[in-house]
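If you scroll down you'll find the structure; I have some questions about it.
What follows is calculated from the coordinates using simple rules that are stated; it is not laboratory data. This is a predicted model, so every value here is computed, not measured. Cβ atoms come from the backbone with ideal geometry, glycine included; neighbour counts cover every protein chain shown.
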């Protein structure tokens, strides 16, 4: 057991009443590198009533600068706490550690829920079972509707902020993220930001909890049912149609079961969501373009972090290839068909060679 593990054992022992013989099973090492923000393990301990074990997940604040700055880990923890006993199948939040000890950065611990996440593909037996695929997509729909149906007053989530300015805050945030890292002209992204502001519709009058990243890869399944909803980093109070726009642009992405034969179509998903929530959708093209800006901004920031030496994760480099087509499609959603130059949105070739050389050693 290394020193970090010893400190983590002591940390758990202090939070488990009368605990003896605390062990962390399945934890080979404590790695808090730039791309390792999650630790999964099972905590074993004895007390006066016998032996206990509990699977848990530790979520660690990533080092700054990161993809989603400012990164508010405490806010995530508070949201999970307030979702307890709601129909949303979010993990139960257990403890928050603001001091950064013993892992070097602040973290929280939550329960590990059962289920399998399908993000980079799914097995052949699932692909050949359209009835199962359909029910899985329906279960995703039901959980997204449950998120938007959470009672903000009863849960205390309404205290997180006024959701009426959500769209403008989001436009400001993602355009500011691009500007912060921008070194050269980015004509296509500039045009997209301008176009979104000029034709921003009136927001949805219904204010709800917004997940922020309800892609199918953030849902875990046991059989055909969603058992867990993950990744609440971008959750907020605001316009639920923003979540629908995000789902629309990602629903058919390869690797998700929602892209397989038998799944609900995007239009069926939207119609089902309207029926379950009673909220009508509108301005779907604008919301798709709006969420495409967020996607392009995240990809651009990731590429700039890679380029500047803050990360050696080649996935950040590879994903920048999507910026130009994502931006182009978003402009088309707004009726802006100009074939604008994306500008230098990809990392420098010499930086890519440098990282590949270092990783090959």
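Going by the alpha-carbon gyration tensor, a ≥ b ≥ c the square roots of its eigenvalues, is the range 262-305 rounded (a/c under 1.5) or, if a/c is not under 1.5, prolate (a/b greater than b/c) versus oblate?
Cα axes put the range 262-305 in the prolate bin.
Next up: Sort the following peptides by mean Cβ neighbour count (other Cβ atoms within 10 Å, averaged over residues), highest first: 315-321, 276-282, 298-304.
298-304, 315-321, 276-282
On to the next question. How far is helix 130-148 tilted off the main Cα axis of the chain, in degrees rounded to 10, range 0 to 90?
Helix 130-148 sits at roughly 90 degrees to that axis.
With springs connecting C-alpha atoms under 10 Å apart, model the chain as a Gaussian network and identify which of 179, 328, 59 has the largest mean-square fluctuation.
Residue with maximal mean-square fluctuation among 179, 328, 59: 179.
Taking the chain as the reference, fit the longest principal axis to its C-alpha atoms, fit the long axis of helix 349-360 to the helix C-alpha atoms, and give the angle between the two in degrees, 0 to 90, nearest 10.
That helix lies at roughly 30 degrees to the long axis.
Angle between the Cα long axis of helix 187-198 and the longest principal axis of the chain, 0 to 90 degrees, nearest 10?
The two axes meet at around 90 degrees.
Quick one: P(r) of the range 254-348 from all Cα-Cα pairs, 10 Å bins, percents rounded to integers, in order of increasing distance.
Calculated P(r), rounded to whole percents: 15, 31, 32, 18, 4.
With a ≥ b ≥ c taken as the square roots of the eigenvalues of the C-alpha gyration tensor of the range 179-287, please select rounded if a/c is under 1.5 and otherwise prolate if a/b is larger than b/c or oblate if it is not?
prolate
What ranking, highest mean first, results for peptides 7-13, 154-160 when packing means the other Cβ atoms within 10 Å averaged over each residue?
Result, highest mean first: 7-13, 154-160.
Sticking with this structure for a sec: Classify the range 17-128 as rounded, prolate or oblate from the Cα gyration tensor: take a ≥ b ≥ c as the square roots of its eigenvalues, call it rounded if a/c is under 1.5, otherwise prolate when a/b beats b/c and oblate if not.
Rounded, because the longest to shortest axis ratio a/c is under 1.5.
I'd like the distance separating the alpha-carbon centroids of the range 101-136 and the range 193-252, in whole Å.
What the calculation gives is 18 Å, centre to centre.
For volume of the Cα convex hull per residue in Å³, the listed values are (i) 180; (ii) 127; (iii) 161; which was obtained by calculation from the structure presented?
Answer by label: (iii).
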